[in-house]
Amino acid sequence: MRRSPLAAPITFIAALLLAAVTCQGEEIVPRLSVGTQEIGLSAGYLLPHRLTTDHTTKQSGPAVMPSWAMVVTDPIASGHWYGGQLLLGAEIVYIQFEEPELTHGVGFTPKIKYLFEGTGRLRPYVEFAGGPFWTDLGGQIPEQSSQFNFILTAGGGLSWFFTSQMSFNVGYRFHHISNAGTQYPNLGLNSSLPYGGFSFYF
Amino acid sequence: MNANPHLRRLTLGCFGLMLTAITGCSHWIEMKSPSAEADEPAAQVIARDEQVPLILDRIRTTRNGAPQNSSADTEQRILSSLADIGLFSYLASATSGAPPSGEKTVRARLLFDEAIDSHAGSTALKGIVLGASMYILTPFLPLEYEYAAHLSLDLERWDGEIKHYESRSAGAARYHLFGATPIMIDELKGHVTETCLIDLARQIAQDTGFYTASSAPLSESGIRTVSVKSRSSSTSASAAAAVPVSAPVSIEP
């Protein structure tokens, strides 16, 4: 029987969460002020979307995203459901395409993130990122002819602070990879990326 | 004589990267109010047996008009600032214990009104531009954080006479994205608050004669009355910080 590639990370995250929950007694209130930095590491699994009949490739594989961001505002519209703080940052995205062929992709994407106030400890967020992306999958599939591409990402998630400086994050991203018309064909690759990870604020 | 074009590009690239790294990490603080030390009056003298204690009754803090919890740090800082004047025999908080009855004391009530503007809109717009430029434009797009403080202090002498003092100060931290730290914001708030406290202390020191023990007799009964009522609203309460006895330092932001 083939073991799911997500089994090990999910078990690890569940064990960490369980440890975090059982270790916490006092109320956790994250204090994020202007200049607070966030270092994060997330991992997920890329799932393909073939949006047109011309799309045939079922690209999939694990993705790892180390990230950095900085809080640049105090809470905006505090007290309202949409109240939150703005973060600017960047991340490196690495994707190992297991399908259709074992190939790799790496990109650098500046990102902007809005972290809602939420309930204090549980804080939803939305984010948008985009930047250059290189992959040797390009040229081996009918959709993409070039190895140099761009990746655009939009999504959201939930941050659960298990200490005032550390959070566990789960989220969803929609990924689009294409080369901005620098070479044809350029149909683009579209994917969903559910992920989980941790952030450290300092 | 012609340098290798690759070498030239590499040199230019390294120079640009260094420029971004160096200038993109800077921050500086601008005070928008004149220093209170500029017109410091001559020191006044008070005899030790003329000094009376000061009791800090309460501190009310508001931020952008919304009431906040006052921190022990703020209280300690204000008490230290008042102690530095040397006018009072000792200073204490009302919560730390009642003064001995029948003793001449000055009671203080302070309103600490903070105004913060982190320029969220322009920061978001600049953030999008910075991100789109892969942060290359970081040295050319500084971000801004403004902080203003308004201190309003009522000092009530043992005979019920009240003197009102006010001071204002404002400042801004300008920074490049990579130079932002929480310490930078603390520095800005520290400088602004310190300017306000120095100005308040200067005003109080000018009224030294008003607070000497021999300036007024202690009321014979030793029993004072206080009015008991609920506050109508925070906005009206802050607006009621009224007639300045000494000219406040008014700062145009």
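Annotations
- Taking other Cβ atoms within 10 Å as a rough exposure proxy, B:ILE78, A:ILE141 sort from fewest to most as A:ILE141, B:ILE78.
- The ranking of A:PHE133, A:PHE128, B:PHE15, A:PHE108 by Cβ neighbour count inside 10 Å, starting from the fewest, reads B:PHE15, A:PHE108, A:PHE128, A:PHE133.
- Filter on B:LYS32/B:LYS163; A:LYS111/B:LYS126; A:LYS113/B:LYS126 - keep pairs with C-alpha separation over 24 Å: B:LYS32/B:LYS163
- Contour excess over end-to-end distance, with Cα ends at B:ARG8 and B:GLN206 and 0.36 nm allotted per residue: 64.7 nm
- The stretch A:98-200 shape via C-alpha gyration tensor axes, a/c threshold 1.5: prolate
- Residue order, fewest to most surrounding Cβ atoms within 10 angstrom, among B:LYS104, A:LYS113, A:LYS58: A:LYS58, B:LYS104, A:LYS113
- Compared with the alpha-carbon gap, the fully stretched path from B:ASN64 to B:ILE116 is longer by 18.1 nm at 0.36 nm per residue.
- Simple spin-label estimate for A:ALA77 and B:ILE162 gives 4.0 nm between the two label positions (7 Å along the Cα-to-Cβ direction from each Cα).
- Under 5 Å from the amide H of A:TYR45 lie the amide H atoms of A:ALA63, each residue being 5 or more positions distant or on a separate chain, with H modelled from the backbone and absent for Pro and chain starts.
A short reminder: the numbers here are calculations on the coordinates, not readings from a lab. Keep in mind that this is a model prediction, so the values were computed, not measured. Cβ sites come from the backbone with ideal geometry, for glycine too, and all protein chains shown count toward neighbours.
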